[in-house]
Every structure is written in C-alpha cells, then in structure tokens.
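Student: Before anything else, here's the structure in question.
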C-alpha cells in the first residue's frame, strides 16, 4: 500500500496557492477598476482624491472623449480592422489546421513546423522590410493593409492551436459523413467546424485581444498625410495621453482608456467558460 502524504502538507500548499491566486487577481483587477472609477471623476478629484469614489458620475467625460478626442472614430477604425483580421485569420487558420491535422501528405510536417516557427519570429525584426512590402503594394496607411498584416502574424498561433484541437475530434464522425456522400468541403464546414467550436472561440478570443491591443504595427504602417483619420485605438490613446497630459484633461484620458478597455473585457467575461473548455479540450482525447 502507498503511504498517503500528511494532510497538513496539502493544507499548506492549498493555502499558499489560494493566497497567491487571490493576490494575483487583486493585482490584475485593481488597475482596471481604478481607471474605470477615475473616468467618472473631474480633474480636481483625480489629482487630490485619487483613491476615493467620485462625488457623482460624470458621463460628460465619456462624451467629451468620444467626440472631442475622436475616440469614437478610433473605436470604429479598430472595430473594422479587428473584425476583418479576425474573420480572415479564423477562416484561413481553421482550414490550414484541419488539413494538417486530418490529412497526411508530402511535406505536411514541414509545413506545420514552418507555422510553428513563425510563432518564434519577433515582429520587431520584420518592421523595416514589412514597411517597404506594404508600401510597394500600395497598402500603406490603409485598413486593408493592416488587416492583412494582422492576419499574417496571427496565423502561426492559430494553426498551431487548432491543429492540436482538430486531432482530438473523433474520426468516426468524419468517416460516417463521407460514407453518406458528404464532400470534403461539406465535411469541414458542416461537420468538423461546428464540432471545433470551443477551440475556435478560445483562439478567437486570444486573437481578438492581440489585435485590439496591437500598437507597434499600426505605428509603423499608419503614416503619412491624412493617416490620423485612420488611426486605431492604441494610436489614438497615445495621442490623447500626450495632448491631454499637457492640457490637464485627465478625466477625458481615463474615459478614453475605459472605452477602449471595456469591450474586450466584457467579451472575455461572456465567453470565459468557452475559453476554458477550449483550452482543456485541446489536450484531451
């Protein structure tokens, strides 16, 4: 018979792990809550009573940030770029991952490892050649150029994640569909893609966060005369930080930060169960 470890040892480990997780949760959540609360204060309250609740909810800060600071325009630009990049990334990534996971052909492993190797290539190393490639294609300072670049940099992780997920799906279902006369396209779009929904939601959330918070690529690719009207949120918030920092309008700055932060935070809270199930399902068979 195996000797059981003393119960007290497990109690100490559990107490330590729970304390660490609670501390990490507070450390992560507090800046978000503080920025949200500060967005309803005026400048005097932010400077003199940074840790107190606002005397009243000042929604005019949000209106001023949305209109006068052009956060509304940057928000719409970001929504267009992120939506286009996300749809393109998920479609191409799912198709490539499905073929690499379910079909055996020459150089399939080589292609898979090329995608995996793309995850280890830092974006900073390709900024200069990427700038000239996009410029030569006539896509500099355009949303389409940004969408294509976002897609290219998101594909390696998407293919890597979904390949492992597609391999866990039962082969019997695919074989039965093929016996019933289902085509390869029908098998993918009507059978396998709905079965891979948890994995698609998980990798989609990660890609959404990465696209939404991307800063380096827009700074490099959104240049030139009139590019300010096509800026995304990260660029707009940077400009707002500089301008409002000198102007002293900190309330509008915090309101702009809250506007940029809340959509992805709400989306993650809504789909958190699907994200967790997708992450665990990819490792189980």
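Student: Of the residues 155, 127, 100, only one is in contact (Cβ under 8 Å) with a residue 12 or more places away in the chain, touching a helix residue (DSSP H, G or I) at 6+ places or on another chain (Cβ under 9 Å), surrounded by fewer than 19 Cβ atoms within 10 Å (Cβ to Cβ) and part of a helix (DSSP H, G or I); which?
Tutor: 127
Student: State the number of residues belonging to the stretch 57-78 that are closer than 18 Å to residue 249 by Cβ and without any contact (Cβ under 8 Å) to a residue 12 or more places away in the chain.
Tutor: Total meeting the criteria: 4.
Student: Please go through the stretch 216-231 and give me each residue that is closer than 21 Å to residue 128 by Cβ and in contact with a helix residue (DSSP H, G or I) (Cβ under 7 Å, 6 or more places away or on another chain), ordered by number.
Tutor: Residues of the stretch 216-231 closer than 21 Å to residue 128 by Cβ: 216-224, 227.
The answer is 216, 217, 218, 219, 220, 221, 222.
Student: So which residues in the stretch 42-74 are closer than 30 Å to residue 152 by Cβ and in contact with a helix residue (DSSP H, G or I) (Cβ under 6 Å, 6 or more places away or on another chain), if there are any at all?
Tutor: 71, 72, 74, listed by residue number.
Student: Take the residues of the stretch 116-148 that are under 22 Å from residue 200 (Cβ atoms) and modelled with pLDDT of 90 or more: which is nearest to the chain's Cα centre (by Cα)?
Tutor: In this case the residue turns out to be 147.
Student: Hey, another quick one. Here's a check for you: in the stretch 179-188, which residue that is in contact with a helix residue (DSSP H, G or I) (Cβ under 8 Å, 6 or more places away or on another chain) and modelled with pLDDT of 85 or more is surrounded by the fewest Cβ atoms within 10 Å (Cβ to Cβ)?
Tutor: That would be 186.
The values are calculated or read from the model by the stated rules, or taken from the named source; none is laboratory data. A quick note: this is a predicted structure, and the numbers were derived from the prediction, not measured. Neighbour counts are summed over all protein chains in view; Cβ atoms, including those assigned to glycine, are modelled from backbone coordinates with ideal geometry.
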